[in-house]
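*Asks:* The structure under discussion is supplied below as C-alpha cells; questions concerning it will follow.
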Ligand code: HGA
C-alpha cells in the first residue's frame, strides 16, 4: 500500500527518494509523487502511472532539491488521479505525504473552509496539510505536534515547509514510520527497506511520536508531548533489489522458493522448546489455557489450519477470528488465552488494531508469527516466532503462507509437548517430518506441467468451487482465494460436507470443482462428495495422494501428489493450488504480481 520516503541532505536528494519509492513499489499503489524545496518553494511531480514514469518526469523537468518527500498512494479517499496524488500542498507553502485514513476529515474540512482554505483534492490528506498550515507560526515541529492532537484515525506523515528549507517533520499513529540516520543527512520512511543503500541505522518510531529531521539532528517527542529517546538499531539485512532470475513473475519464483523458505524456517533444534518463541515463553505457555488467533486474508487461513493442529496435537482450545471483526465486536476476554497474531509484514493495520484491542481487554500473553523482525507487531508482542520466507514481492502470498504453517505447527507441537500430549518418539517423528518437507515440496513442484494442462481449461471459466475437509478445508479456502486474487475468476470454497446444503445447486458442466483429497480419515466421506458432483454432470479436478484409489474417469481429472504427509499434508497440498491459480492467471493475461485493486501490505483499515 502507500509508501513514504523523506530526506534532508546537502546533496540533490531526488534520486534517493525515487529509489526509495521503487523499493516500496511491490506493495502496490495507484499513483506516486515527489516534492522538494527548490528556490524557496515546494515543487512537485506526480504520476498516475509507475514510479519509472515519475522518474522520467523529474529528469525532464530537472526537479532537484536537498530536502524532499515522496509517496506511493493506494487511494482510499478520492480516485487515483493526479490531483489526489501526494504530495499534497497547502497554499504552495507546505507539502505533505500521508499513509492512512483520517476519520474526522469532514469535520476538519468544514472548519478549515471556514478559515478560508480551498480544497483541490478529494483526499482526507488535504485536511492535514491545511490544518498544519493553519497552525504554523514559524515552527513546523510545533505545528505538526499541535495538529496531531486534532486528528482521529491512522496516519504516518512527512511534511515540509518553504520557510524551513532543511527540515522534514514526521508523525505516526497507527501506521509505521522509521527514521534513517546518516552523516550530515537524515531520512524518513514507512519501511526501512526504502532506505537500503542510504543508511543501515534506524530509529523505529512509536505510536504517537512526532519527529523533526534536520541535517545534523533528529528530535522525537512522544504522544504526551515530551522529548523521547528512541533506540538506534543497525539493520543490515536489506540487500539490493530482488531479482526475478529465470522466472516469469515473482509469484512463480516465490512458489518455487518454498523448499528453501521452509527449510530456513524450521528450527535447528532437535526438540520443540518454548524458547523458540522468545524469552519468557515457557512461563507464558504454562499460564495459558487457550489460544485466540487473530489475522486477515491468507494469514487467517493459516490460523484456521493451525486450529486443527493445536486442538489435535496440543489439546488446547483455539479460537480463530478475522482481525477486523474481532476488534469491533463485544467479546468475552479470557486473560489466560494466548493471543496469536499472524501477518507477513507485521504491519497489517487490522491485525495491529485487533492486537491492541485484545491488549486493552487485559490480554497480556501475546505472540506474533511474522516475516519481518523489525515490524510493529513483533515489537508489540510479548513473544514472537519469525518465519524466514525472505522478501515476498507477489501480492498473492505463497511462501509467507507455507512458512506461517510451519511456525504454527511448531507452536502446536511445542504446546503439545509442554502439556504432556506428545511422546519423545512422536516429537522425533514430527521433527523428522518437518525436515523432510523441503524434499517433499520439490516433488510437488515437479507436478507443474500437469497443472499447466488443467490451467488452460480453467482460464476459460468464470466460476470455480473448491472443496476440502478437516485440515484441508482451510487449504481449499486458500486455493479459492489465490484463484480469485490473480485470475479474477469467482471462486468459493466449502467444507465438502456442506456441498449438499446449498452449493451443489451451482454445479453444472461449466463449474469446475477442485477437490483436495489427501489420504486421511475423511477420504471415504470425500469420495462420496465427489460422486455427488459427478452425478450432476460436474467436472472434478482432484488433487489426491498417491495411495488414494481415485482414478481418472469421465468428468474426473486426477493429479496424484507424490506422498501422503500426515498432519503436515496441508503444507504440500496448498502448493498445486498456488500453481493452478498462477498458471490460470498467466493464461488469462492478468498482472499476476500486481493484481488489480490489491496491495501487498495492507496498512489501512
Ligand atoms: N487516505 C489517503 C492515503 C491512503 C493510504 O494510506 N493508502 O494506503 C488517500 O486516499 O490519499
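*Asks:* Express as a percent, rounded to the nearest 5, the fraction of DSSP beta bridges in the chain (both residues included) that run antiparallel.
*Replies:* DSSP beta bridges in the chain are roughly 60 percent antiparallel.
*Asks:* Give the Rg (one decimal place) followed by the Dmax (whole number) of region 28-86, computed from C-alpha coordinates and expressed in Å.
*Replies:* 11.3, 33
*Asks:* Given region 1-60 reduced to its alpha-carbon atoms as identical point scatterers, what log10 I(q)/I(0) does the Debye formula return at q = 0.14, 0.17 Å⁻¹?
*Replies:* Each listed q corresponds, in turn, to -0.36, -0.53.
*Asks:* Moving on. Calculated from DSSP H runs of 4 or more alone, at -39500 (n - 2.57) each and per residue, what is the 222 nm mean residue ellipticity of the chain, nearest 500?
*Replies:* -11000 deg cm²/dmol
*Asks:* Give the Debye-formula value of log10 I(q)/I(0) at each listed q (0.11, 0.16 Å⁻¹), with one equal scatterer per alpha carbon of region 187-327, two decimals each.
*Replies:* -0.78, -1.23
*Asks:* For region 273-383, what is the convex hull volume of the alpha-carbon atoms per residue, in Å³?
*Replies:* 91 Å³
*Asks:* Please say if region 250-334 is rounded, prolate or oblate, where rounded means a/c under 1.5 for a ≥ b ≥ c the square roots of the C-alpha gyration tensor eigenvalues, and otherwise the choice is prolate for a/b larger than b/c and oblate otherwise?
*Replies:* It comes out oblate by the Cα gyration axes.
*Asks:* So in region 191-321, what percent of DSSP beta bridges are antiparallel if you round to the nearest 5?
*Replies:* Roughly 65 percent of the beta bridges in region 191-321 run antiparallel, per DSSP.
*Asks:* Oh, and also: At a Förster radius of 35 Å, what calculated FRET efficiency corresponds to the Cβ-Cβ distance of residue 142 and residue 322, to the nearest 0.05?
*Replies:* That pair, residue 142 with residue 322, gives E of 0.30.
*Asks:* Please report Rg over Rh for region 108-249, where both radii come from the alpha carbon positions and Rh follows the Kirkwood definition.
*Replies:* 1.04
*Asks:* What ranking of 309, 454 emerges when the number of other C-beta atoms within 10 Å of each C-beta is taken as an exposure proxy, fewest first?
*Replies:* 454, 309
*Asks:* When the distances between all Cα atoms of region 255-295 are binned every 5 Å from zero, what whole-number percent does each bin get?
*Replies:* 5, 17, 16, 19, 20, 14, 6, 2
*Asks:* So what's Rg/Rh here for the chain, counting alpha carbon atoms and using the Kirkwood radius for Rh?
*Replies:* Result for the chain is an Rg/Rh of 1.00.
*Asks:* Oh, and also: On alpha-carbon atoms, Rg over Rh for region 141-215 using Kirkwood Rh?
*Replies:* Taking Rh as the inverse mean 1/r over Cα pairs, Rg/Rh reads 0.96.
*Asks:* Something else: Starting from the Cα of residue 591, step 7 Å along the direction of its Cβ; do the same at residue 79; then give the gap between the two resulting points in nm.
*Replies:* The modelled label-to-label distance comes out at 1.7 nm.
*Asks:* Any idea what Rg and Dmax come out to for region 103-162 if you just take the C-alpha atoms, in Å?
*Replies:* Considering region 103-162 through its Cα atoms, Rg and Dmax are 10.8, 28 Å.
*Asks:* If one computes P(r) from the Cα atoms of region 1-120, what percent of pairs lie at distances over 24 Å?
*Replies:* The answer is 25 percent, as a whole percent.
*Asks:* Please report 459, 528, 601 as a ranked list, fewest other C-beta atoms within 10 angstrom at the top and most at the bottom.
*Replies:* With the sparsest Cβ surroundings first, the list reads 528, 459, 601.
*Asks:* Let me ask another. Can you give the FRET efficiency to the nearest 0.05 for residue 92 and residue 531, using r as the Cβ-Cβ distance and R₀ = 60 Å?
*Replies:* 0.25
*Asks:* Another question, if that's okay. Looking at region 51-177, what % of the alpha carbon pairs are farther apart than 16 Å?
*Replies:* So the pairs more than 16 Å apart make up 61 percent of the total in region 51-177.
*Asks:* Quick check: the angle from helix 14-24's long axis to the longest principal axis of the chain, C-alpha only, nearest 10 degrees?
*Replies:* With both axes taken from Cα atoms, the answer is about 20 degrees.
*Asks:* Shifting gears a bit: Note the angle between two axes, namely the Cα long axis of helix 523-534 and the longest principal axis of the Cα atoms of the chain, as a number of degrees from 0 to 90, rounded to the nearest 10.
*Replies:* Once rounded, one gets 80 degrees.
*Asks:* Please state, as a whole number in µm²/s, the translational diffusion coefficient that the Stokes-Einstein equation yields for region 445-596 at 25 °C and 0.890 mPa s, with Rh defined as the Kirkwood radius across alpha carbon pairs.
*Replies:* Rounded to a whole number, D works out at 163 µm²/s.
*Asks:* Please find the FRET efficiency linking residue 282 to residue 224, where r is the Cβ-Cβ separation and R0 is fixed at 41 Å, and quote it to the nearest 0.05.
*Replies:* The formula returns an efficiency of 0.70 here.
*Asks:* Could you check the spin-label model distance between residue 113 and residue 330? Points 7 Å from the Cα along Cα→Cβ, value in nm.
*Replies:* 3.7 nm
*Asks:* Hey, how much of the P(r) for region 386-498 falls beyond 22 Å, as a percent of Cα pairs?
*Replies:* For region 386-498, the share of Cα pairs beyond 22 Å comes to 49 percent.
*Asks:* Give the Rg (one decimal place) followed by the Dmax (whole number) of region 518-589, computed from C-alpha coordinates and expressed in Å.
*Replies:* So, for region 518-589, Rg and Dmax equal 13.2, 39 Å respectively.
*Asks:* Which translational diffusion coefficient, to the nearest whole µm²/s, is obtained for region 306-457 from the Stokes-Einstein equation, given a Kirkwood hydrodynamic radius over C-alpha pairs, 25 °C and 0.890 mPa s?
*Replies:* 142 µm²/s
*Asks:* Be a star and scan region 566-605 for residues whose amide nitrogen sits under 17 Å from the point 7 Å along the Cα-to-Cβ vector of residue 488.
*Replies:* 581-599
*Asks:* If you fit an axis through the alpha-carbon atoms of helix 448-458 and take the longest principal axis of the Cα set of the chain, what angle between them do you get, 0 to 90°, nearest 10?
*Replies:* The answer is roughly 80 degrees.
*Asks:* Using the reciprocal of the averaged 1/r over all distinct C-alpha pairs, how large is the Kirkwood radius of region 310-367 in Å?
*Replies:* Kirkwood hydrodynamic radius for region 310-367: 12.0 Å.
*Asks:* Now for a separate question. Would you mind putting 493-504, 313-324, 580-591 in packing order, based on average other-beta-carbon counts within 10 Å, highest first?
*Replies:* Highest-to-lowest ranking by the protection proxy: 580-591, 313-324, 493-504.
*Asks:* While we're here: Report the gain in length on full extension from residue 501 to residue 56: 0.36 nm times residue separation, minus Cα-Cα distance, nm rounded to one decimal.
*Replies:* 154.5 nm
*Asks:* I would also like to ask the following. If each of residue 10 and residue 275 carries a label point 7 Å out from its Cα toward its Cβ, how far apart are those two points in nm?
*Replies:* So the two model labels end up 4.8 nm from each other.
*Asks:* Using the number of other C-beta atoms within 10 angstrom as an exposure proxy, rank 191, 520 with the fewest first.
*Replies:* Ascending number of Cβ neighbours within 10 Å: 520, 191.
A short reminder: the numbers here are calculations on the coordinates, not readings from a lab. As the structure is a prediction and not an experimental result, all values here were calculated from the model. Glycine gets a Cβ as well: all are built from the backbone with ideal geometry, and neighbour counts include every protein chain shown.
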